[in-house]
Amino acid sequence: MQDNEIRAIVAETLAEQQRHQQESVDAIVLKAVASVLASFGIEDDDRKELRADFQHLRRWRKSVEQAQTYTFKAVITVIATGLMGAVWLGVKVVLGK
């Protein structure tokens, strides 16, 4: 056998071992996730409902963040308008004398 043939065999063997290890890791992770979800009372059949619940929670979170942004902008606008009104009244009083 030549060195190239040996290297090709070794590389193929290592690649096959890596595929088997990845498959076993995937199986272990899948089993662990299923076990955790089952401990929360979520069965495999409830995946569609769980996904819909998470989508609803994401939409809710984004709407709350957007409301917070608008509230902050409104508060800043009210404060700035109040300050400008106070300055305007001060100028009117000073010029009115």
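Counting only heavy atoms of the protein chains and using a 1.4 Å probe, LEU95 has close to 140 Å² of accessible surface.
Working note: 222 nm ellipticity from helices only, DSSP H runs with n ≥ 4, each -39,500 (n - 2.57), summed and divided by the residues of the chain, gives -33500 deg cm²/dmol to the nearest 500. One chain, two ends: ALA67 and VAL94. Fully extended at 0.36 nm per residue, the span grows by 5.7 nm beyond their Cα-Cα distance. Compute the acute angle (0 to 90°) between the alpha-carbon long axis of helix 47-96 and the principal axis of greatest extent of the alpha-carbon atoms of the chain; round to the nearest 10°. Tilt of helix 47-96: around 20 degrees. Phi-derived couplings, Karplus 6.51 cos²θ - 1.76 cosθ + 1.60 at θ = phi - 60°, listed residue by residue for the range 12-17: 5, 5, 5, 5, 5, 4 Hz, with x used for Gly and Pro. Model label points for VAL75 and GLU16, set 7 angstrom from Cα along the Cα-to-Cβ axis, are 6.6 nm apart.
Accessible surface for ILE28 stands near 110 Å², nearest 10, in the context of the full protein assembly shown (1.4 Å probe).
The values are calculated or read from the model by the stated rules, or taken from the named source; none is laboratory data. Bear in mind the structure is a predicted one, so any value in this text is a computation, not a measurement. All Cβ positions, even for glycine, are placed from backbone atoms using ideal geometry, and neighbour counts span all protein chains on display. Each accessible area value is taken on the protein alone, full model and side chains, heavy atoms only, with ligands, DNA and RNA left out. Shrake-Rupley method; radii C 1.70, N 1.55, O 1.52, S 1.80 Å.
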